[in-house]
Amino acid sequence: MFMENKDRYSFNSNDLLYKIYSYRKPLIIITSIGFIVSIVVSLFITPLYKSNVIVFPAPSTSISQSLITTINSYKKESVFGEVEEVEQILQVLHSDELRSKIIKKYNLWKHYEIDSANEKYPIDKMLKKFNNRINFKRTEYMAVEIEVFDSNPDTAAMIANDICMLIDTVMNRMEKERAIEAFKIVQYEYDTKVAQLKKLEDSLQFIMSKGVLDFESQSEVLNKAYADAVAGGNMRGANELKKQLDTLAKYGSAYISLRDFLLYEKEQLSLLNGRYKEAKVDAEQILTHFYVVNKAFKSDKKAKPKRSIIVLVSTLSTFALAFVLLIFVELLRDLRKKNTVQISES
């Protein structure tokens, strides 16, 4: 009897088909019940509509670098960003700030039927619902896809488009905080340099008011004239020239120092002025971080659930589970009979 049972459960394909045939009645009944139940359940599942936006990232250069051309800017860069820019956009899309703005604008607590006051873990439930309905991914063409599922097709499209627009809002907010601080620093340095130049110019103007207009040429001319006056016996003229030479001697070194230092500082101010303009552009202007390939639109066909797939998978699963349970039940029955026979023989 034992050997008979052992051979009985050494299945091949014919044995499997035989077993299915022998259990055909309970299998048909259970599978039919599973089929009907899966249809009923699938009808109660809320249909979801899909809307998506596809964007290409822009290069992550500053606004001043993008808009202010220089002599050496002869190389044309790609208008699209690389892997780094794609990852930056994906990180922003997963940020708490962006998610909070969408939840607040569309009142997703009410829309997703989550009671924030009485639920045990409302935030966790909201995050799971949000991540289940709204997805972000990188495409094979180095773009970013924003995918939104919702029971209302209009809401799905609006959320997708608003998320797209919020990319710039969040990224510009982060960049502007840094750019404004940088502009304040450059502006302070620029204003300080301008004030310093004004003092230098006032000092030079004071020296020039004493008659020192061009030290090198004046000293050469006055020295020659003084020598000629002394040689010609014109002592009165020589005395007047001597006064002018004394003035040159008194203020000449200061004149040269101030003049040369003023020229140097003006060159520095010119360089600082370029930095000032760039920092001002970065702090005040806004440039998009992406290019929209496809905007989201209202879908007229539901994307989820695929009722036919749900029914098919559920029916096949019911059939397989029922078959395994029937085999298990038969095995237990045979083992019980075997034990009974052994006890009676002993």
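The values are calculated or read from the model by the stated rules, or taken from the named source; none is laboratory data. Computed from a predicted model, the values in this text were never measured in an experiment. Quick reminder, even Gly has a Cβ in these numbers, built from the backbone with ideal geometry, and neighbours come from all protein chains shown. Remember, those area values only see protein heavy atoms, side chains included, never the ligands or the DNA or RNA. Shrake-Rupley method; radii C 1.70, N 1.55, O 1.52, S 1.80 Å.
On average over all directions, what projected area in square nanometres does region 198-328 have, based on the convex hull of its Cα atoms? Present the calculation step by step, with values, prior to reporting the outcome.
Working: hull surface 83.4 nm².
Averaged projected area of region 198-328's Cα convex hull equals 20.8 nm².
Please list, ordered by chain and number, the residues whose modelled amide H lies under 5 Å from the amide H of residue 303; skip anything fewer than 5 residues away on the same chain.
48, 49, 50
Does anything in region 127-163 have its amide N under 15 Å from the 7 Å Cα→Cβ label point of residue 297, and if so which residues?
154, 157-158, 161
How would 219, 51 line up by accessible area, probe 1.4 Å, largest first? Mind showing how you got there, number by number?
On the way: 219 25, 51 5 Å².
Correct descending sequence by accessible area is 219, 51.
Relative contact order for the chain: what percent, with Cα pairs under 8 Å and sequence separation of 6 or more? Write down the numbers at each step before the final one.
Details: 334 pairs, mean separation 120.7, N = 346.
Relative contact order comes out at 35 percent.
I'd like to know which of 248, 237, 204 lies farthest towards the positive end of the charge dipole of the chain, counting +1 on Cβ of Lys and Arg and -1 on Cβ of Asp and Glu.
Comparing the listed Cα positions along the dipole, 204 ranks first.
7 Å from Cα along Cα→Cβ at both residue 309 and residue 339: what's the point-to-point distance in nm?
4.5
Put 121, 291, 49 in order of accessible area, largest first, 1.4 Å probe: what do you get? Before the final figure, lay out each step's value.
Details: 121 145, 291 90, 49 55 Å².
Accessible-area ranking of 121, 291, 49, largest first: 121, 291, 49.
So how much accessible area does residue 309 have, in Å² to the nearest 10, using a 1.4 Å probe?
100
Which three semi-axes in whole Å describe the equivalent ellipsoid of region 84-242, each the square root of 5 times a Cα gyration tensor eigenvalue, listed largest first? Write out the running numbers ahead of the final one.
Working: eigenvalues 1291, 59, 22 Å².
Equivalent-ellipsoid dimensions as semi-axes: 80, 17, 10 Å.
Tell me which DSSP H helices of the chain clear both cut-offs, 20 Å or more of axial length from alpha-carbon atoms and a mean Kyte-Doolittle hydropathy of at least 1.0.
Helices meeting the span and hydropathy rule in the chain are 24-44.
Given Cβ point charges of +1 (Lys, Arg) and -1 (Asp, Glu) and nothing else, what value in debye, to the nearest 20, does the dipole of the chain about its Cα centre take? Could the numbers behind the result be given before it?
Numbers: 49 positive and 44 negative charges, 359 e Å.
With only Lys, Arg, Asp and Glu charged at Cβ, the dipole is about 1720 debye.
Over the chain, with every protein chain in place, what whole percent of the accessible area is carbon and sulfur at 1.4 Å, could you tell me? If you can, show how the numbers build up before the last one.
Details: 13650 of 23220 Å².
Carbon plus sulfur share of accessible area: 59 percent.
Just to be sure I understand the model, the point goes 7 Å from the Cα along the line to the Cβ. What's the resulting residue 151 to residue 18 distance in nm?
5.3
Bin all alpha-carbon pair distances of region 177-272 at 10 Å intervals from 0 and give each bin's fraction as a whole percent.
15, 31, 22, 15, 10, 5, 2, 0
At 1.4 Å probe size, put 289, 111 in order of accessible surface, largest to smallest. Let's see the in-between values first.
Working: 289 30, 111 65 Å².
Largest accessible area first, the residues go 111, 289.
Given only helices, namely DSSP H runs of n ≥ 4 each adding -39500 (n - 2.57), what is the per-residue ellipticity at 222 nm of the chain, to the nearest 500 deg cm²/dmol? Write out the running numbers ahead of the final one.
Numbers: 12 runs with 243 residues, N = 346.
Calculated from helices alone, the mean residue ellipticity at 222 nm is -24000 deg cm²/dmol.
For region 134-142, in order, what is each residue's ³J(HN,Hα) by Karplus, 6.51 cos²θ - 1.76 cosθ + 1.60 with θ = phi - 60°, in whole Hz (x at glycine and Pro)?
Calculated HN-Hα couplings, in order: 10, 10, 10, 8, 8, 8, 5, 9, 6 Hz.
May I ask you to compute the full-extension gain from residue 209 to residue 107, defined as 0.36 nm times their residue separation minus their alpha-carbon distance, rounded to one decimal in nm?
Details: separation 102, 0.36 × 102 = 36.72 nm, distance 7.40 nm.
Result: 29.3 nm gained on full extension.
Quick one: Cα convex hull volume of the chain, Å³ per residue? Please report the intermediate quantities before stating the final value.
On the way: hull volume 109.7 nm³, N = 346.
For the chain, the hull spanned by Cα atoms encloses 317 Å³ per residue.
Between residue 297 and residues 5 or more places away or on another chain, which pairs have amide H atoms under 5 Å apart, with H built 1.01 Å from N, and which residues are they?
For residue 297, whose amide H was placed from the backbone, the distant partners under 5 Å are 52.
For a quick protection proxy, order the peptides 152-161, 26-35 by their average other-Cβ count within 10 Å, most packed first. Walk me through the intermediate numbers first.
Values: 152-161: 19.6, 26-35: 15.5.
So the order, starting with the most tightly packed, is 152-161, 26-35.
Per-residue accessible area for residue 169 at 1.4 Å probe radius, Å² rounded to 10?
Solvent-accessible area, nearest 10 Å²: 70 Å².
Which pairs, out of 120/302; 125/176; 50/295, put more than 24 Å between their alpha-carbon atoms? Numbers along the way, then the final one.
Numbers: 120/302 32 Å; 125/176 34 Å; 50/295 13 Å.
Beyond 24 Å: 120/302; 125/176.
Taking the alpha-carbon centroid of each part, what is the distance from region 154-221 to region 255-270 in angstrom?
After rounding, the separation between the Cα centres reads 19 Å.
Could you give the accessible area per residue of the chain, probe 1.4 Å, as a whole number in Å²? Intermediate results must be reported in sequence, preceding the final value.
Values: 23220 Å² over 346 residues.
On a per-residue basis, the chain sits at 67 Å².
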